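Below: the structure, in structure tokens.
The numbers here are math on the coordinates, done by the rules we state, and not lab data. Owing to the predicted nature of the structure, the values given are computational and were not obtained by experimental measurement. Don't worry about glycine lacking a Cβ; one is built from the backbone with ideal geometry, like all the others, and counts go over all protein chains shown.
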Amino acid sequence: MKPLVSPYIMQVKPYVAGKPIEELQRELGLSDIIKLASNENPLGTSEKVREVVRKSAERLHIYPDGAAFELKQAICDFHGVQMNEVATGAGSDELLMLAIDTFIDAGASPKDQGVVAEYSFGSYPISLIGHGAEVVTAPGLDGFQVDVDAMIAACGDATKLLFLANPNNPTGTYVSEDKLRKLLVEVPEHVVVVIDEAYHDYIQADDYATALDFRDLRERLIITRTFSKCYGLAGLRVGYAVSTPEITDVMNRIRKPFNTSLVAQEAAIAALADREFVAESVRVNNEGRAQYEKGFAQMKELGLEWVPSQTNFMLVKLPVPGRAVYDAMLALGVILRPMDGYGLPNYLRISIGTQAENARCLRGLKEVIPTLCAQGVDA
Ligand SMILES: Cc1ncc(COP(=O)(O)O)c(C=O)c1O
């Protein structure tokens, strides 16, 4: 019998998402669970958006506007871009996948390539490999810094796409304005550069700049944003991409016509307008980050280290395997994200939650790490 799928499909290691609260409830029978595993907004969703969603519920029987006209108009007003430069998607993940679908030729020989940075978002290699492309990983610098020069050097004739998450998941680090400019100018012009700004709103560094400010530096450029983080709409699945009219046009040719739901479109318009909620989300995140930094500093003698973060999560290095800490924290009802899938077995990623959630996580870590160390569980 002929093989069921092309061999590259079998090379994909499926994405492992953060453990859902309901799953842990089923497994351990716990009732008081917090999830700090998927970088969601601990404030939930803005009340103004919920009100809009309640009204949208009355029109669930009709198809959404496939062109997402009103949402795109709101995005255009917000960023000062044109309608034919914006595409919307079911989360930015769909738009990243759409870029791969559009620009990777699965049958190319030699294989089309996609360049990614070491320790970058796991979705890029999954989607690239799943579309028959070869992944070229540019090694990073100390401290989980992206090496922009290595990314530029990794590009060759077969490179179709380059992905840079700025700031980056799972490290929480960022690329400065100067380096971003360099990348946009020096990556060969045939490559479509995708700058994924899912965590843009959280960044506090003075020398960061959005790639939206540098669209004149490069023609083949896509910038993605999401409503899943600071806007509190991860469950609805909505994001957008800003690019040139030409790139937007080719991506729209294969975009599913109703990829963003009616509720998602209307909620996203309301979310974009509710600047107070975004500001409060950032304030709570800044407070939480400081809370973690203080708590982690107290655990330095336990052998804990952390990577300075510009996002709504912290990457933490442990003196024992991350999996062991993850399991012990699950037993306490705290869901974190193990990093062995990213090749970082001694690390955990912790999403910044409310003050009470962060305090509970820190208390748990202070209890669990010494116990595991005493048991001789080595990193
Ligand atoms: C760097 C990065 N990009 C994109 C996404 C996808 O977000 P969404 O599909 O919810 O917009 C995530 C989600 O965690 C992410 O971390």
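Electrostatic bookkeeping for Asn286 treats Lys and Arg as +1 and Asp and Glu as -1; over the other residues with beta carbon under 12 Å from its beta carbon, the sum is -2. Please give the FRET efficiency for Ser176 paired with Glu219, using the beta carbon to beta carbon distance and R0 = 30 Å, rounded to the nearest 0.05. Approximately 0.85, to the nearest 0.05. Per-residue 3J(HN,Hα) values for the stretch 263-268, derived from phi via the Karplus relation 6.51 cos²θ - 1.76 cosθ + 1.60 with θ = phi - 60°, read 5, 4, 4, 5, 5, 5 Hz in sequence order (x marks Gly and Pro).
When all alpha-carbon pairs of the stretch 106-160 are counted, what percent fall beyond 15 Å? Value for the stretch 106-160: 46 percent of Cα pairs lie more than 15 Å apart. In this rough spin-label picture, where each label sits 7 Å from Cα along the Cβ direction, the Phe69-Asp101 distance is 2.4 nm. Can you show me the helix-derived [θ] at 222 nm for the chain, built from DSSP H runs with n ≥ 4 at -39,500 (n - 2.57) apiece and divided by the number of residues, rounded to the nearest 500. -11500 deg cm²/dmol, from helical runs alone.
Could you work out how far apart the two model spin labels at Ala150 and Cys373 are, taking each label as a point 7 Å from the Cα in the direction of the beta carbon, and quote it in nm? Each label point lies 7 Å from its Cα, and together they span 3.0 nm.
Each DSSP beta bridge with both residues in the chain is either parallel or antiparallel, and the antiparallel ones are about 50%. Taking the C-alpha atoms only, the angle from helix 47-56 to the longest principal axis of the chain is near 50 degrees. Each part gets one Cα centre, and for the stretch 324-379 versus the stretch 29-49 those centres are 18 Å apart.
Could you list Thr354, Thr226 in order of exposure, starting from the residue whose Cβ has the fewest other Cβ atoms within 10 Å?
On the way: Thr354 15, Thr226 25.
By the 10 Å Cβ count, ascending: Thr354, Thr226.
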